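A.B. asks: Below is a structure I'd like to ask you about.
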Amino acid sequence: MTSFNEYRTQVTRRHFFSQGANLLGTAAMASLGGSILSNRAEGASTSASALAGKFHLPPRAKHVIYLHMVGGPPQMDMFDYKPVMKQWFDKDLPESVRMGQRLTTMTSGQARFPVAPSKYQFERVGQAGMWMGELLPWLKQSVDDMTFVRSMHTEAINHEPAITLMQTGNQVTGRPCLGAWSSYGLGSLNENLPTFVVMVARPTNVEQVQAISARLWSSGFLPGQHAGVSLRSAGDPILYINNPPGVSREVRRTTLDGIEALNEMNFQQLGDPQTETRIQQYEMAFRMQASVPELTNITSESESTFQLYGEAAREPGTFAYTALMARRMVERGVRFVQIYHNNWDTHGNVAGRLPDQCRDVDQPCHALIQDLKQRGMLDDTIVIWGGEFGRTIYSQGGLTADNYGRDHHPRCFTMWMAGGGFKPGTIHGETCDFSYNIVKDPVHIRDFHATVLHQLGFDHERFTFKSQGLDQKLTGVLPASVVTKLLS
């Protein structure tokens, strides 16, 4: 008896039934839309998703660029103008406003909650008259192309559960993120590049960065090929993308053919879907050896493009560079691009840190919107900007007229979208004078997810994947609604 056959005879009952479930799942996929194996054999570019391209609704968008500001931007210093707060400087936040709401342990022990009005000047811009802070001079020029939601809210008050909820629809890790769901539903437009790509931009200021990891771009219970592929900000964009010295492309191809044959034998006998994922990943990696160098070679971009994005776009790893790369990716068929920009957790020194943060993203965000627009790509690309929660109007720690800190605040925060069928020049939702509670048109993260899926052509109630005996959804089991007022 061979070692492999001996292993097969000694598997546990639990492992045996898990194998059976995998085989039944493969058979079910074959009956629905062609098996994984036949998809690969025929060179299909649907990322092995039986659902890919089967829309519930006419899609308005086919790409997403999601710009996540890690840590939580202070909405009242950027988008949510509260002039009345100048009269409240250093006065205690009224209990009638806070209403006993949960606080983090970082401020719950404070003796006082002194109100810290924004030190920054605001002006009304655009046809809709959106109030925007002085730290965003470039983005003000794009305001009529943007859709603002000032009434986002969440239950999560700390970073780990909050960013996980924002990305996956659940505070518990291990579920697919929005990018993975989009990959699963949309399929691929370019077999030489991943469907879902992630980049982590390097902030100019690194005073208080938050830890993030691949759990945020995981495929969860979806097939592994729908996980995000991370491009590094320095050095080779992907480790081992280049062949080592002395190994030609022909030798690499022969090697991969041999590995694929072994993996194919293993898949046929055990039916492990992770083996199928591994086969596809090897093939994608081989194709990316030719496609990624061309993608990351920005010397072909015009001088006018660098004037638009700023000189920082020439430097790999900057937010401006990742924004330019995002445009190049969707231009080449990448479905979902996720960019993380860190250091927005302004517990202190807002005056010292926020200008750097805004300077990093202001011109590139404006440039991305206008670049997509002038290329005719904004209509079918959704650009999303936001963090995992907002910040408090009261100061954490010391307060002066020129500086202050702000704690986490999940009750209300601002996000904006552009393109992809979102109504330009729209301002949705209102908060109280303290930017502490929502007084009109609340939008939960579940509603946000349902609306993005709607624009991609999917009914969030029917966009499901069977896992652990349940029809799992991005929006979960609690009510969620498409926010139609945001859509054109």
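FYI, it's all coordinate maths here, none of it is from the lab. Nothing here was measured: the structure is a model prediction, and the numbers come from that model. Positions of Cβ are backbone-derived with ideal geometry, glycine not excepted, and every protein chain shown enters the neighbour counts.
A.B. asks: Mind listing the phi-derived Karplus ³J(HN,Hα) values for region 341-355, rounded to whole Hz, using 6.51, -1.76 and 1.60 with θ = phi - 60°, and x for any glycine or proline?
C.D. replies: Result, rounded to whole Hz: 10, 8, 6, 8, 8, 8, 5, x, 6, 4, 5, x, 10, 4, x.
A.B. asks: Provide Arg278, Arg124, Arg391 in ascending order of the number of other Cβ atoms located within 10 Å of each residue's Cβ, fewest first.
C.D. replies: Arg124, Arg278, Arg391
A.B. asks: For region 82-99, what does the Karplus curve 6.51 cos²θ - 1.76 cosθ + 1.60, with θ = phi - 60°, yield as ³J(HN,Hα) per residue in whole Hz, taken in order and with x for Gly and Pro?
C.D. replies: Karplus-based 3J(HN,Hα) across region 82-99 equals 10, x, 4, 5, 4, 6, 9, 3, 6, 8, 6, 4, x, 4, 5, 8, 6, 6 Hz.
A.B. asks: Would you mind computing, in nm to one decimal, how far apart the modelled labels at Gln141 and Lys119 are, each placed 7 Å from Cα along Cα→Cβ?
C.D. replies: That separation, rounded to one decimal, is 2.8 nm.
A.B. asks: Full extension from Cys432 to Gln307: what is 0.36 nm times the residue separation minus their Cα-Cα distance, to one decimal in nm?
C.D. replies: Length difference between fully extended and current span is 41.1 nm.
A.B. asks: Evaluate E = 1/(1 + (r/R0)^6) for Met377 and Arg287, where r is the Cβ-Cβ distance and R0 equals 22 Å; express this FRET efficiency to the nearest 0.05.
C.D. replies: Approximately 0.40, to the nearest 0.05.
A.B. asks: Using 0.36 nm times the number of residues separating Asn266 and Thr104, minus their current alpha carbon distance, what extension gain do you get?
C.D. replies: Once the chain is fully extended between Asn266 and Thr104, it gains 53.3 nm.
A.B. asks: Still on this structure, please answer the following. Can you put Cys432, Cys412 in order, fewest other beta carbons within 10 Å first?
C.D. replies: In increasing order of surrounding Cβ atoms, one gets Cys432, Cys412.
A.B. asks: Round to the nearest 0.05 the FRET efficiency obtained for Glu155 and Gln127 when R0 = 22 Å and r is the Cβ-Cβ distance.
C.D. replies: So, using R0 = 22 Å, E works out to roughly 0.05.
A.B. asks: For Ser230, which sequence-distant residues (separation of 5 or more, or a different chain) have an amide H within less than 5 Å of its own amide H, given hydrogens modelled in the peptide plane?
C.D. replies: When sequence neighbours closer than 5 places are left aside, the close amide H contacts are Val198.
A.B. asks: So, one more: Run the numbers on region 83-237 and let me know its relative contact order in percent, using alpha-carbon pairs under 8 Å that are six or more apart.
C.D. replies: So the answer I get is 16 percent.
A.B. asks: Between Glu294 and Lys466, what is the label-to-label distance in nm when each label sits 7 Å out along the Cα-to-Cβ direction?
C.D. replies: Computed distance between label sites Glu294 and Lys466 equals 4.0 nm.
A.B. asks: While we're looking at this one, here's another question. Which order results if Met265, Met377 are arranged by neighbouring Cβ count within 10 Å, fewest first?
C.D. replies: Starting with the residue having the fewest Cβ neighbours, the order is Met265, Met377.
A.B. asks: Considering Cα pairs under 8 angstrom that are at least six residues apart, work out the relative contact order of region 290-372 and quote it in whole percent.
C.D. replies: It comes to 32 percent, rounded to a whole number.
A.B. asks: Beyond 32 Å between alpha-carbons counts as too far, so tell me which of Lys423/Lys466; Lys140/Lys473; Lys423/Lys473 fall in that bin.
C.D. replies: Exceeds cut-off: Lys423/Lys466; Lys140/Lys473.
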